[in-house]
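Chemist: Just dropping this structure here.
The values are calculated or read from the model by the stated rules, or taken from the named source; none is laboratory data. Fair warning: this is a prediction, and the values are worked out from it, not measured in the lab. Every residue, glycine among them, receives a Cβ derived from its backbone with ideal geometry; neighbour counts consider all protein chains shown. Heavy atoms of the whole protein, side chains included, go into the accessibility calculation; ligands, DNA and RNA do not. Shrake-Rupley method; radii C 1.70, N 1.55, O 1.52, S 1.80 Å.
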Amino acid sequence: MIFSSFFKALGQLNDRRFRRVFLLGIVLTIALLVAAYAAFLALIAWLAGDSSTLPLIGEVRWLNDLLGWGSLFLMLLLSVFLMVPVASAITSMFLEEVAQAVEDRHYPALPPATPVPFWDAVRDTVNFLGVLVGANVLALLVYAFLPFAAIFIFWGLNGYLLGREYFQLAAMRRIGRKAARDLWRRHRLRIWAAGALMAMPLSLPLVNLVIPILGAATFTHLFHAISRRG
């Protein structure tokens, strides 16, 4: 069931609506990361001021520049880890279009779905973004203590989070929020396994940016497969 859903999604990657969501997700992700860095830089400038006094050295005027360049390198490093989680969360806001493209091609006999209200989608995206970024930042500490297990922790953590969110977002279009949550609980291990399959390519540069779209399509197929079997 999982692999069938995955390969059906893979076969539709050239869909025009998939490409649109992909480009929107990347542009908004870069804009969000740049805005976060600008806010962080403004905070550093406010805290450091035009000059600072260091013990044994006295007044210095280069500390602000040093902190600014240091924050740039820190942001570039964090972006390597945060780019995909942020892109995944942003893409979840446009899941409706991906799911509709999947259903139009593979399930044309279905009645129209109930779209998720825009502000509900925004709220879900903000919540998902907070959980994804927070969990991955905390995971960086675990990676430092368990470097040999880092890749498996990354797959397991992001597989669980992506599976839960994307499956419920795909399901609630058809059966509502509460029923979607209940269905996820009954099939959580299978959905976690599918999420881990999505998380594995997250380790590959460039390829990982396509995963949010592929994941959204895969979990739409998986929801319909589970519903038919159920």
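Chemist: In what sequence, highest mean first, do 194-200, 22-28, 218-224 appear when ranked by Cβ atoms within 10 angstrom?
Modeler: On the way: 194-200: 22.7, 22-28: 16.0, 218-224: 27.3.
Going by the mean number of other Cβ atoms within 10 Å, highest first, we get 218-224, 194-200, 22-28.
Chemist: Would you mind checking the stretch 184-205 for residues with the amide N under 13 Å from a putative spin-label position 7 Å along Cα→C-beta of VAL131?
Modeler: Under cut-off, by backbone N: 184-185, 192.
Chemist: Okay, next question. Hey, rough spin-label estimate for LYS178 and VAL34, points 7 angstrom out along Cα→Cβ, what's it come to in nanometres?
Modeler: 4.4 nm
Chemist: Please work out the FRET efficiency for the pair VAL27 and LEU140, using the Cβ-Cβ distance as r and a Förster radius of 25 Å; give the result to the nearest 0.05.
Modeler: Working: r = 26 Å, r/R0 = 1.04.
Computed FRET efficiency for VAL27 and LEU140: 0.45.
Chemist: Counting only protein chains, not ligands or nucleic acids, how are MET172, MET1 ordered by accessible area (probe 1.4 Å), most first? The partial results should precede the final answer.
Modeler: Values: MET172 25, MET1 65 Å².
The ordering from most to least exposed comes out as MET1, MET172.
Chemist: Rank these by accessible area, largest first, 1.4 Å probe: TYR166, TYR107, TYR160.
Modeler: Numbers: TYR166 5, TYR107 35, TYR160 75 Å².
Reading off the accessible areas and sorting them downward yields TYR160, TYR107, TYR166.
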